[in-house]
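Computed from the coordinates by the stated procedures, all read-outs in this text should not be read as laboratory data. A quick note: this is a predicted structure, and the numbers were derived from the prediction, not measured. Cβ coordinates were reconstructed from backbone atoms using ideal geometry, including for glycine residues, and neighbour counts include every protein chain displayed.
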Amino acid sequence: MADLGESIQVARQAVEATPEDHPDRAGLLNNLGSSLSNRYSRTGDIADLEEAVQVARQAVEATPEDHPDRAGRLNNLGICLGDRYSRTGDIADLEEAIQVARQAIEATLEDHPDRAARLDNLGISLGDRYSRTGAIADLEEAIQVARQAVEATPEDHPDRAGLLNNLEIRLGDRYSRTGDIADLEESIQVARQAIEATPKDHPDRATWLNNLGICLGDRYSRTGDIADLEESIQVARQAIEATLEDHPDRATWLNNLGSSLSNRYSRIGAIADLEESIQVARQAVEAIPEDHPDRAGLLNNLGICLGDRYSRTGDIADLEEAIQVARQAVEATPEDHPDWAKWLNNLGISLGDRYSRTGDIADLEEAVQVVRQAVEATPEDHPDRAARLNNLGIRLGDRYSRTGDIADLEEAVQVARQAVKATPEDHPDRAARLNNLGIRFSDRYSRTGDIADLEEAIQVARQAVEATPEDHPDRAGRLNNLGIRFSDRYSRTGDIADLEEAIQVARQAVEATPEDHPDRAGRLNNLGICLSDRYSRTGDIADLEEAVQVARQAIEATPEDHPDRAGRLNNLGIRFSDRYSRTGDIADLEEAIQVARQAIEATPEDHPDRAKWLNNLGICLGDRYSRTGAIADLEEAVQVARQAVEATPEDHPDRAGLLNNLGSSFSNRYSRTGDIADLEEAIQVARQAIEATPEDHPDRAKWLNNLGICSRR
């Protein structure tokens, strides 16, 4: 570094000692600019870069049009302008860098030994403009000139490795845009060639290793081959080890290592990988200047890692920080930047996670908004469009679950289908997108009762499980969803085989979920529901006892402020009610009423599940009235049953059951008071329950029987 500083000092003195009109002045300015540019590359000092641009410009201006060195000086000016664009993001610098790079090539003979380097520099600037604007023509030309540069360079030339590296970057960019696996395979091949052509102690070797790691990570993301992921981590570590602490590229290498570690965590679930990914992602952010255009990408990756840790541990502080850094990434990125959509999508994921934790509708609305913007900002042929459509479908599904707006559900199904359709059969994320499509079909079945939606939900849920490796941390969640689908079909058709399979896969889901995982409570809850259903079918008390046990475990594992706590309390209340019905132990009934009230208190007035919780409280109050004869319980049972019906849309498939229960409450009150108005209303709502029930529904006979009882009174 001392030698570099001395060379700059000497070069500066030489320029100052040379008259303005001297023919050697341009060459001296060019040399000073090169030295300043080299020091900037080493230290990141923006002042050196600014001066390098200034003196490189002066060198070009002082060089006659027909001078044989003009091409080289134009080339150097283009490099400096490109470096300044990389630092500041000023598009004007990039446009000028491309312009002067073209001039440099035009002024260079075909057989000139420096032509390859000048083609390479033009390719770099075109690639940068593609990265900024997304113009595919720039990318195609960048690949074309990068190939020409490699072809024009002898096999044993020391610059060949760098030219191969730049060709690899452009091929990787085209793969990211088009999804053409041939580009990815070639990018890995040329990245390996670049490393093989570079001595172990060469300062650029770290860069080539880093880029190979990125390509291997991309291939892992496409094929799911764990060997590629392991190698990407290995070469990323080598790149960091070969880089000085104060090197300006160290932040990028750290960031890429963090991404690979995060991917391995997502695959095998090792918490050590997750912790290290956060550690190196933080180091990457801390090592990059505030005004650096790459800072947004590093913030984005830190946010992803923090979000992953929240998903594993449930620590709300990680989620809050993930949202904070995701916002910073979006705010630091121009709207026309091709990565803006990616940052928006990830912000939407974190906002959606916070909604799932807190139930704050504002987070959900913003999540829908930003993910929609991400989809709209993503070209139709972009390989990331499927992921963004998938996330939009999830957020719309969440909003439907909260508001009951059927338009959100229909759009959620539509975009989930598009996401699956846009995902190659062999893509490792296809399973996740199938899983989400299955959830949307299930939601629509629950709303409309259309058995075709349920059948399709089961079909795609099976495909999702089959496409997920046994050791994948997401397999448990997909098994859980498949179990729910089987349970739904059992509830519709009464086929005991579906119930048995539901219990089997629900157990597998719980067993595959770590004790400290925040989703364990939900999976225990679902297992409890399935066991309860089997108890209702077979009368086996062992199933009921286990159902109560796992429902308690689900509540204990659910934070007080979790939006799903109400549903789990409701299910525990049903289990106590079932056990009361079997054993007659009044303590179970008292506890059932207590937790049913807690479920309602924890549920917003406008929540679509509130009607269900009210209905279940009404049933329990009716049971206590039957046991104790307390008229207050009967009056409250009628009141909450009426509220449940009023809170349920006319076309909702659960409305018939709620009407039936309301009718039973009126009938019970008629039996106690003899008020004919209660009997009339009992008959009326019993008729409505039958009219709202399909001919082939297994509960229709029950509703008809209840109407018959009322009519005979």
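Using the basic label-point model (7 angstrom from Cα toward the beta carbon), what is the residue 67 to residue 46 distance in nanometres?
Distance between label points: 3.1 nm.
Under the classification rounded if a/c is under 1.5, otherwise prolate if a/b is larger than b/c and oblate if not, where does region 180-263 fall, given a ≥ b ≥ c as square roots of the Cα gyration tensor eigenvalues?
Values: a/c = 2.26, a/b = 1.35, b/c = 1.68.
Because a/c hits 1.5 or more and a/b fails to exceed b/c, region 180-263 counts as oblate.
For residue 550, what is the net charge nearby, where nearby means another residue's Cβ is under 11 Å from its Cβ and Lys, Arg count +1, Asp, Glu -1?
Working: positive: 507, 520, 523, 552, 568, 575; negative: 543, 545, 546, 556.
Computed value for this residue: +2.
Can you compute the FRET efficiency between residue 549 and residue 182 using 1/(1 + (r/R0)^6), with r the Cβ-Cβ distance and R0 = 56 Å? Round to the nearest 0.05. Spell out each step's value before the answer.
On the way: r = 55 Å, r/R0 = 0.98.
Efficiency for this residue pair is about 0.50.
I'd like the FRET efficiency for residue 331 and residue 690, computed as 1/(1 + (r/R0)^6) with the beta carbon distance as r and R0 of 56 Å, rounded to 0.05.
Working: r = 58 Å, r/R0 = 1.03.
The formula returns an efficiency of 0.45 here.
Would you mind working out the magnitude of the charge dipole of region 468-553 relative to its Cα centre, with +1 at each Lys and Arg C-beta and -1 at each Asp and Glu C-beta, to the nearest 20 Debye? It would help to have the intermediate numbers written out before the result.
Details: 11 positive and 17 negative charges, 58 e Å.
So the dipole magnitude of region 468-553 works out to roughly 280 debye.
Is there a quick way to get the dipole size of the chain? I mean about its Cα centre, with the Cβ of Lys and Arg at +1 and of Asp and Glu at -1; what is the value in debye to the nearest 20?
In debye, rounded to 20, the chain gives about 2560.
Give the shape of region 561-636 as rounded, prolate or oblate, defined through the alpha-carbon gyration tensor: a ≥ b ≥ c are the square roots of its eigenvalues, a/c under 1.5 means rounded, and otherwise the shape is prolate if a/b is larger than b/c and oblate if not.
oblate
Under 13 Å from a label point 7 Å along Cα→Cβ of residue 631: give me every residue in region 671-690 with its amide N that close.
671-675
Using the Kirkwood formula on the Cα atoms of region 468-553, what hydrodynamic radius do you get, in angstrom to one decimal?
Values: mean 1/r = 0.0783 Å⁻¹.
After inverting the mean inverse Cα-Cα distance, the result is 12.8 Å.
Express in nm, to one decimal, how much length is gained between residue 361 and residue 268 on full extension, taking 0.36 nm for each residue of separation and deducting their alpha carbon distance.
Gain on stretching residue 361 to residue 268: 30.2 nm.
At R0 = 25 Å, how high is the FRET efficiency between residue 225 and residue 459 if r is their beta carbon distance? Nearest 0.05 is fine. Let's see the in-between values first.
On the way: r = 27 Å, r/R0 = 1.09.
For residue 225 and residue 459, the calculated efficiency is 0.40.
In region 125-154, what trypsin sites (Lys or Arg not before Pro) fall in a loop by DSSP, with at most 10 other Cβ atoms inside 10 Å? Spell out each step's value before the answer.
Values: sites: 129, 132, 147; in loops: none.
Sites meeting the loop and neighbour criteria: none at all.
First select every other residue whose beta carbon is under 11 angstrom from the beta carbon of residue 694; then total the charges, Lys and Arg +1, Asp and Glu -1.
On the way: positive: 492, 700; negative: 450, 691, 695, 696, 699.
Here the count lands on -3.
In nm, to one decimal, how far is the modelled label at residue 316 from the one at residue 450, with both set 7 Å along Cα→Cβ?
Placing both labels 7 Å along Cα→Cβ, they lie 3.9 nm apart.
Local charge sum around residue 220 (other residues, Cβ-Cβ under 12 Å, Lys/Arg +1, Asp/Glu -1)? Don't jump to the answer; show the numbers that get you there.
Numbers: positive: 219, 222, 264, 267; negative: 218, 225, 228, 230, 231, 429.
Residues near residue 220 contribute -2 overall.
Give me the percent relative contact order of the chain, please, defined on Cα pairs under 8 angstrom at least 6 residues apart. Show your work: numbers first, answer last.
Values: 1059 pairs, mean separation 39.7, N = 713.
Relative CO of the chain lands at 6 percent.
Full extension from residue 677 to residue 587: what is 0.36 nm times the residue separation minus their Cα-Cα distance, to one decimal in nm? Mind showing how you got there, number by number?
Values: separation 90, 0.36 × 90 = 32.40 nm, distance 3.40 nm.
Extra length available between residue 677 and residue 587 comes to 29.0 nm.
Would you calculate, for the chain, the mean residue ellipticity at 222 nm contributed by helices, counting each DSSP H stretch of 4 or more residues as -39,500 (n - 2.57) and dividing by all residues, to the nearest 500? Working shown, then result.
Working: 32 runs with 552 residues, N = 713.
Using -39500 (n - 2.57) per qualifying helix, the result is -26000 deg cm²/dmol.
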